[in-house]
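K.L.:
Pasting a structure here, questions to come.
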Amino acid sequence: MKVIDSYLDGGKEIRWKSLGSRRIKDRVAFALSYVVLGIMVIVLLSIFIYVLDSGASHIALKMLITTGNTATGGVLNAIVGTWELVGMGLLFSLPPSILGALYVVNSRSNGTVSMVARLFTDILTSVPSIVIGFFAFIVLVQRLNMGYSLVAGGLALAIMMLPYLMRIIEISFRNIPKEQIENAYALGADDIRVASRIYLPQAKVGMLSGTLLAVSIAAGETAQLLYSAGWNNGFASGFLHSGVGYLTYVVWNGINYPTTYSHYLAYVSAMILILSVTGLIAVSKYIGRRK
């Protein structure tokens, strides 16, 4: 029911519109948001329950302590190789991300540099992973003659991790009070001292949280590694010209094998991945809340 009251206040007439229609709109909006949230929770729980139940019901000690192919072996080489690749990707992406973020927040032409940096990160985050893998295969594996290797796979992951890390680290740097930085420069500190004494110590919590998030994303990648890391039934024998095993390959290839055991390996690998990624995201959120 519309209730419209009017009265004069200081010579101005103020009209109150109906509150009923606004309340109805608010309730509809809240109801839709709860419906969307409920659907997301149901989908997420369904994935968790199916993957964890399938993996836990078929896991065996042999799968975790042996190596081999996806038809008869275990996933120890894939577990080790996954974190070797992620570590290599972090090694290649974290230093340039820190340097790039420092340059952006400390640049005199801050507006232009920030705009270009954001455009670069937005474009790079939107590049499909299969395109990054194709680029890694053509440039790293073939033209630079790295072969399927730990370095080629790490560089492919680094290309994907770089924009995420740079954006998160830049945000962490920008949260530092400008007065501290201005005072440091006023006292005669150079860029290196400001970076090592102010930026890095005060932004370390945000940097760590963002790094864990980027690592969790990289651990679940497949397309880049198919074209750059290949596969290895054992452990990598070197940094170059030696394929690497990784869990996402076991999930992708194992489920396509016609044997029951390969399907079990895929379930177990998926369970390990989802537990690892969930754990990393939980730790990153905990660190962010502590900050």
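Values in this text are rule-based calculations from the coordinates and carry no lab data. It should be emphasised that the depicted structure is a prediction, and the values quoted were computed from it without experimental measurement. Heads up, the Cβs are rebuilt from the backbone with ideal geometry, glycines too, and the neighbour counts pull from every protein chain shown.
K.L.:
Per residue, how big is the convex hull of region 176-250 when only Cα atoms are used? Give it in Å³.
P.N.:
Values: hull volume 10.5 nm³, N = 75.
Cα convex hull per residue, to the nearest whole number: 140 Å³.
K.L.:
Where does each of 135-141, 232-238, 243-249 land if you order them by average Cβ count within 10 Å, highest first?
P.N.:
On the way: 135-141: 19.1, 232-238: 15.6, 243-249: 26.1.
Ranking the peptides 135-141, 232-238, 243-249 by packing returns 243-249, 135-141, 232-238.
K.L.:
Can you order the peptides 146-157, 122-133 by their average number of other Cβ atoms within 10 Å per residue, highest first?
P.N.:
Working: 146-157: 26.1, 122-133: 13.9.
Sorting 146-157, 122-133 by mean packing, highest first, produces 146-157, 122-133.
K.L.:
Mind putting together the pair-distance distribution for the chain? All Cα pairs, 10 Å bins, whole percent per bin, short to long.
P.N.:
6, 20, 24, 20, 14, 9, 4, 2, 1
K.L.:
Quick one: which of 179-192, 64-77, 218-231 comes out on top by average Cβ neighbours within 10 Å, and what's the full order, highest first? Display every interim value, and only then the final one.
P.N.:
Numbers: 179-192: 11.6, 64-77: 18.1, 218-231: 23.6.
Ranked by mean Cβ neighbours within 10 Å, highest first: 218-231, 64-77, 179-192.
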